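This report concerns only the one structure given below.
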Amino acid sequence: MSEQARRRPPKPHRRPKKDPVRMLAFEVLRAVDERDAYANLVLPPLLRKAREKEGFEARDAALATELVYGTLRRQGTYDAIIAACVDRPLREVDPPVLDVLSLGAHQLLGTRIPPHAAVSATVELARAVLGEGRAKFVNAVLRKITRQDLDAWVAEVAPPYEKDAEDHLAVVHSHPRWVVSALWDALGGGRAGIEALLEADNERPEVTLVARPGRVGVEELAEAAETEPGRWSPYALRLTEGGEPGALEAVRDGRAGVQDEGSQLVAIALANAPLDGPDARWLDGCAGPGGKAALLGALAAERGAALLASEKQPHRARLVERALAGNPGPYQVIAADGTRPPWREGSFDRVLVDVPCSGLGALRRRPEARWRRRPEDLDGFGPLQRGLLTEALRAVRVGGVVGYATCSPHLAETRVVVDDVLKKTGGAELIDARPLFPGVDRLGDGPDVQLWPHLHGTDAMYLALIRRTA
């Protein structure tokens, strides 16, 4: 080294520029990965904090939301592309590094952010959260990704449809292969239908409000916000782009709520199912977190009926209490196990059991669930679902109706459960649920109903209505 080089002062270390939007998005992704958190629960409080402390504007919140959900929805596709750009298996890439790379890939391939800006901002994020050395690795990988657009990358990394249809769809539409297979079995039909469903799973869902009858009218709620009418439910309103439900007084005080139209339709169908005999006692046997219970309670109140809302987990039972607070009619909330119920047989006229399930019907809202669930999870849900439905049929009186609902279209959680329980139980029959979804088309052959995101714009809710006959 020359004397001049020895005397040259070292370059000052440049501190990375912290971009609060991308830092927040990274923080959410780490929570999802490290703590199995759900983005829809982690993101809102972080955004509120950022508005207060970072001066976040609406466009900042919108970008952070897009970065989080876009990255999670397209994670499978981005993983395949990143794998083609690194010299090691993805399992050997540190998870925080992979999160930064996925954020960068989404900006490059899934947004209109200019490539140079996407790379620069992501490398700065890497410097801030990973250090200079790994930031160089991130920079090198992202520059490889800039070689092609998304369509070209997918054509390169996805196997041909003719060679392996399920794996092709899994990479192109960013779903695990087993989920593609399960959804295809439930949907039936050919390629067009399953592709439309998988594409719908990757779209941003609308925010839908429910005006709880007897507490607030649809017209009154519509005057308080920029909305459009719901497609199917008479109590539904869809918030227009940028609407914030928490800003509405009716939502804050519980007269209205945020609820997918599919969930509303399930509650309405049970409430309107024909009965033989009295109609005074209703049960929601799996009531947490309280959305369906609040609508059922309001509908029951209109008829002078009383609702018992039961939820096994005490903390979820408290959420149900909050949702039902102010209900105009009689109700009670208890913490109880629906498979070992405290009520006597034949105590109720109507019973709803919206059972715990895989959640494959709500992948638009919880995209991370597709990567978190495993096929073996259904082995755990199955006995619980059968137990809850069996006890629900005991809880209803002869002539009363049970609604079995899931937010999953997986056949192992829907028709298979219902068929198994009916074969073992006896004294019960399926009734046609389709007439109780007035105006809703493409409901299949019945007698049960399966809603779909791509056909109905709802979560993939399932409902079977069962009348106890003996």
Exercise. So which helices (runs of 4 or more DSSP H) are wholly in region 94-169 and hold at least 1 residues that are without any contact (Cβ under 8 Å) to a residue 24 or more places away in the chain and among the acidic types (Asp, Glu)?
Worked result: 132-145, 150-157
For this session: State which residue pairs qualify: first residue closer than 15 Å to residue 288 by Cβ and inside region 335-346, second residue in a loop (DSSP other than H, G, I, E, B) in any location, beta carbons under 8 Å apart, and separation of 6 or more residues or different chains.
Result: 335/312; 335/313; 336/312; 336/342; 337/312; 338/285; 338/286; 338/312
Problem set entry | Residues satisfying the stated conditions in region 182-202, i.e. within 30 Å of residue 246 (Cα to Cα) and either of a type in the set (Asp, Glu) or in a strand (DSSP E or B) (or both) | 199, 201
Problem set entry | Per-region count, region 342-388, residues open to solvent by less than 10 Å² (accessible area, probe 1.4 Å), within 20 Å of residue 452 (Cα to Cα) and of a type outside the set (A, V, I, L, M) | 5
Exercise. Which of the residues that make up region 345-380 are acidic (Asp, Glu), under 17 Å from the mean Cα position of the chain (by Cα) and part of a loop (DSSP other than H, G, I, E, B)?
Worked result: 368
Seminar exercise, completed: Looking across region 77-121 at residues that are farther than 13 Å from residue 145 by Cα and hydroxyl-bearing (Ser, Thr, Tyr), the single one that is surrounded by the fewest Cβ atoms within 10 Å (Cβ to Cβ) is 111
For this session: Residue by residue through region 263-306, note down the ones that are buried (at least 23 other Cβ atoms within 10 Å of the Cβ), in contact with an Asp or Glu (Cβ under 7 Å, 6 or more places away or on another chain) and either modelled with pLDDT under 95 or farther than 20 Å from residue 316 by Cβ (or both).
Result: 288
Problem set entry | Residues that are in a loop (DSSP other than H, G, I, E, B) and open to solvent by 40 Å² or more (accessible area, probe 1.4 Å), drawn from region 442-463 | 442, 444, 445, 447
Exercise. Just checking, which of 152, 140, 135 is over 21 Å from residue 370 (Cβ atoms) and open to solvent by 40 Å² or more (accessible area, probe 1.4 Å)?
Worked result: 140
For this session: Kindly check whether there is at least one residue in region 65-75 that is in contact (Cβ under 8 Å) with a residue 12 or more places away in the chain and over 16 Å from residue 28 (Cβ atoms).
Result: no
Exercise. For the subset of region 389-441 comprising residues that are closer than 23 Å to residue 374 by Cα and assigned to a helix (DSSP H, G or I), which member is most open to solvent (accessible area, probe 1.4 Å)?
Worked result: 415
Exercise. Which members of region 379-433 meet the condition of being of a type outside the set (Asp, Glu) and touching a Pro at 6+ places or on another chain (Cβ under 7 Å)?
Worked result: 381, 384, 395, 430, 431, 433
Exercise. Residue 179 passes all but one of (1) in contact with a helix residue (DSSP H, G or I) (Cβ under 8 Å, 6 or more places away or on another chain); (2) more than 30 Å from residue 395 (Cβ to Cβ); (3) assigned to a helix (DSSP H, G or I); (4) open to solvent by 20 Å² or more (accessible area, probe 1.4 Å); which number fails?
Worked result: (4)
Exercise. Before we move on, is residue 256 farther than 23 Å from residue 404 by Cβ, aliphatic (A, V, I, L, M) and buried (at least 24 other Cβ atoms within 10 Å of the Cβ)?
Worked result: yes
Exercise. Of the residues in region 220-243, how many are surrounded by 13 or more Cβ atoms within 10 Å (Cβ to Cβ) and in a loop (DSSP other than H, G, I, E, B)?
Worked result: 9
For this session: All but one of (1) within 30 Å of residue 450 (Cβ to Cβ); (2) over 24 Å from the mean Cα position of the chain (by Cα); (3) among the basic types (Lys, Arg) hold for residue 112, so report the exception by its number.
Result: (1)
Exercise. Got a number for residues in region 310-336 being open to solvent by less than 30 Å² (accessible area, probe 1.4 Å), in contact with a helix residue (DSSP H, G or I) (Cβ under 9 Å, 6 or more places away or on another chain) and within 24 Å of residue 385 (Cβ to Cβ)?
Worked result: 6
Exercise. Is it the case that some residue within region 203-211 is under 24 Å from residue 352 (Cβ atoms), outside any strand (DSSP E or B) and modelled with pLDDT of 95 or more?
Worked result: no
Problem set entry | Any hit, region 209-218, residues being more than 30 Å from residue 251 (Cα to Cα), touching a residue at least 12 places away in the same chain (Cβ under 8 Å) and not aromatic (Phe, Trp, Tyr) | no
For this session: Write out, first by first residue and then by second, each pair whose Cβ atoms fall under 9 Å of each other, whose residues are 6+ apart or on separate chains, and whose first residue, in region 456-467, is within 16 Å of residue 273 (Cβ to Cβ) while the second is surrounded by fewer than 24 Cβ atoms within 10 Å (Cβ to Cβ) and acidic (Asp, Glu).
Result: 462/448; 463/448; 464/448; 465/432; 465/448; 466/429; 467/276; 467/429
Seminar exercise, completed: Note on region 45-85: residues under 13 Å from residue 101 (Cβ atoms) and at pLDDT below 95 are none
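The values are calculated or read from the model by the stated rules, or taken from the named source; none is laboratory data. Predicted model only: the values in this text are computed from it and were never measured. Positions of Cβ are generated from backbone atoms using ideal geometry, with glycine treated the same way; all protein chains shown enter the neighbour counts. In case anyone asks, the SASA skips ligands and DNA or RNA and just uses the protein heavy atoms, side chains included. Shrake-Rupley method; radii C 1.70, N 1.55, O 1.52, S 1.80 Å.
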